[in-house]
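Quick note: the coordinates plus some simple rules give every number you see, no bench work behind them. Note that this is a predicted model, so its numbers are computed, not measured. Quick reminder, even Gly has a Cβ in these numbers, built from the backbone with ideal geometry, and neighbours come from all protein chains shown.
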Amino acid sequence: MNTEKVVFPNQSGQLLSGRLELPVNRHPHAYALFAHCFTCGNTLTAIRNISRELNLVGIAVLRLDFTGIGESEGDFVDTNFTTNVSDLLAAADWLAEHHASPALLVGHSLGGAAVLCAATRIQSTRAVVTIGAPFAPDHVSRHFAEQIEQIEREGSATVDIGGRPFRIARQFVEDLDNQRIEENIGTLGAALLIMHSPQDRTVNIDEAAKLYTAARHPKSFVSLDGADHLLTDAADSHYAGRVIAGWCGRYLPVPERSPLSSDHKVAVRLGAEGFTTEVMAGPHHLTADEPVSVGGNDFGPGPYELVSAGLGACTAMTIQMYARRKKWVVEEVQVHLNHKKDYATDMEASSDRPAKIDHFERVIMLKGDLTDDQKERLLQIADRCPVHRTLHETVEVTTVLKE
């Protein structure tokens, strides 16, 4: 991901902060707004994971902090649900001015209720996604139900939410009580995806049923079975992101990209930023990359991992070809590999400096009713796989520059 910090004013002139995450090596075909859950902020790991999955399909994501949250200016005590919706409208205006109007709105928990209200006022909206969202915004009052009387009596109170203190004012509670989002749902005018976990202990899944009933088609529901409310397990948030990316493809179609064509069997393409590389091998497409530690995005295997994968695949295929020809039953072949650079003394080198050699550690596992002699023979055959033999030969690479 290519992440940029952005700031823009809310309707009161205070500066809101956010992160705009752009796809690597491609122009976004759509922009999305992400509204975080109550008091969470845009840095929640689940939000970052979902944004990454959307980036992979070419969707840029602006995840903002509402007023008084994270790096955004303002006091939380002065905010309410209405200001959250206004912040989304300000973010949409900023995107429209600097990039393109958002076509996708994603909201988590109370942020889900907020995007449902904002969507009817953002004309560019074509798809809306809610994750663990309540049907009624005042559902959030359950977080501080014991302090409601104090808030009404004294005008405000400090409450503990997720281990952090927040000052809640009477106007916040009254604003929640006055919100009725069913009218917004009924006139949404965009496709709706409702995602919710049956095990959500913060917002009961019955809220999702109410949202679905109130919505018009096209509408969809996906169960995040086993997930908690905050999608704490990274596997849950990545799964949610992949589902959203696949679902919204019907409503935010990806324009055809100029194909990577070549008269060679393999071709690669890398843009001006990062190391995320498009690879075409015959009719097949895959992605190569480098780890984050060296400036990559870790969207795919690295070059040496691809070489190791080629050796492993060739080894498994060669073993099975031989076993089938001999009519030996090998139910499964597994090949596990590591690659590293080893220092070895090069006796022919003119320098006393040690030379590096490439070392591939290969572990083979065979599943089947095989004798010890058969296993030994198959290990010998593994050394005859074409890629193995290529790596042991003198390899010549010729390079030309093509205009």
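Calculate, for residue 402 and residue 7, the FRET efficiency according to 1/(1 + (r/R0)^6) with r their C-beta to C-beta distance and R0 35 Å; round to the nearest 0.05. Intermediate results must be reported in sequence, preceding the final value.
Details: r = 44 Å, r/R0 = 1.27.
The pair residue 402/residue 7 has a calculated efficiency of 0.20.
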| note | Put in order of increasing Cβ neighbours within 10 Å, starting from the fewest, 308, 293 give 293, 308
| note | Going residue by residue through the range 85-90, the Karplus relation 6.51 cos²θ - 1.76 cosθ + 1.60 with θ = phi - 60° gives ³J(HN,Hα) values, rounded to whole Hz and with x marking Gly or Pro, of 5, 4, 4, 5, 5, 5
| What nm value, rounded to one decimal, do you get for the distance between residue 210 and residue 235 when each label is placed 7 Å out toward the C-beta? | 3.2
| message | In Å, what Kirkwood hydrodynamic radius results for the range 356-397 from the alpha-carbon pair distances? | response | 12.4
| request: Apply 1/(1 + (r/R0)^6) to the Cβ-Cβ distance of residue 167 and residue 254, taking R0 = 51 Å, and write down the FRET efficiency to the nearest 0.05. | output: 0.70
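Taking only Cα atoms of the range 77-153, what ratio of Rg to Rh do you get with Rh as the Kirkwood inverse-distance radius? Each step should come with its number before you reach the end.
Working: Rg = 14.5 Å, Rh = 13.6 Å.
Here Rg/Rh amounts to 1.07.
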| said: Taking the 0 to 90 degree range and rounding to the nearest ten, how far is the long axis of helix 45-56 tilted relative to the main principal axis of the chain, both from C-alpha atoms? | reply: 60
| remark: Each label sits 7 Å from Cα toward the beta-carbon; between residue 201 and residue 341 the label points are separated, in nm, by 5.0
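Taking the Cβ of residue 328 as the center, what net charge do the other residues with Cβ under 11 Å away carry, scoring Lys and Arg +1 and Asp and Glu -1? Kindly include the intermediate steps, with their values, before the conclusion.
Values: positive: 324, 325, 326, 327, 375, 377; negative: 331, 369, 373.
Once all neighbours under 11 Å are counted, the net charge is +3.
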| note | Ordered by fewest other Cβ atoms within 10 Å, a rough proxy for footprinting exposure, 321, 280, 365 read 365, 321, 280
| message | Distance between the C-alpha centers of the range 9-49 and the range 109-166? Whole Å please. | response | 18
| Lys/Arg Cβ at +1, Asp/Glu Cβ at -1, dipole of the range 227-334 taken about the Cα centre: which of 301, 282, 271 is farthest positive-ward? | 282
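Please rank 143, 392, fewest neighbouring Cβ atoms within 10 Å first, as an exposure proxy. Each step should come with its number before you reach the end.
Working: 143 18, 392 9.
Ordered from fewest to most neighbouring Cβ atoms within 10 Å, 143, 392 come out as 392, 143.
From the convex hull of the Cα coordinates of the chain, what is the mean projected area in square nanometres?
Details: hull surface 115.0 nm².
Its Cα hull, projected and averaged over all orientations, spans 28.7 nm².
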| field | Total lysine pairs whose alpha carbons fall under 14 Å of each other in the chain (8 or more apart, or interchain) | value | 6
| Separation of the range 287-341 and the range 60-101 by C-alpha centroid, Å? | 46
| message | What does the charge count around residue 382 come to, taking other residues whose C-beta lies under 12 Å from its C-beta (Lys +1, Arg +1, Asp -1, Glu -1)? | response | +3
| said: If I take every Cα pair under 8 Å that is 6 or more residues apart in the chain, average their sequence separation and divide by the length, what percent do I get for the relative contact order? | reply: 11
| task | Of the options 76, 227, 41, report the single residue whose Cα projects farthest towards the positive end of the charge dipole of the range 2-248 (beta-carbon charges: Lys, Arg +1; Asp, Glu -1). | result | 227
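Divide by every residue of the chain the summed helix terms, -39500 (n - 2.57) for each DSSP H run of at least 4, and state the resulting mean residue ellipticity at 222 nm, rounded to the nearest 500 deg cm²/dmol. Please list the in-between numbers first.
Values: 11 runs with 125 residues, N = 403.
The helix-only estimate for the chain comes to -9500 deg cm²/dmol at 222 nm.
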| query | Which of 10, 89, 32 sits farthest toward the positive end of the charge dipole of the range 1-148, with +1 on the Cβ of Lys and Arg and -1 on the Cβ of Asp and Glu? | reply | 32
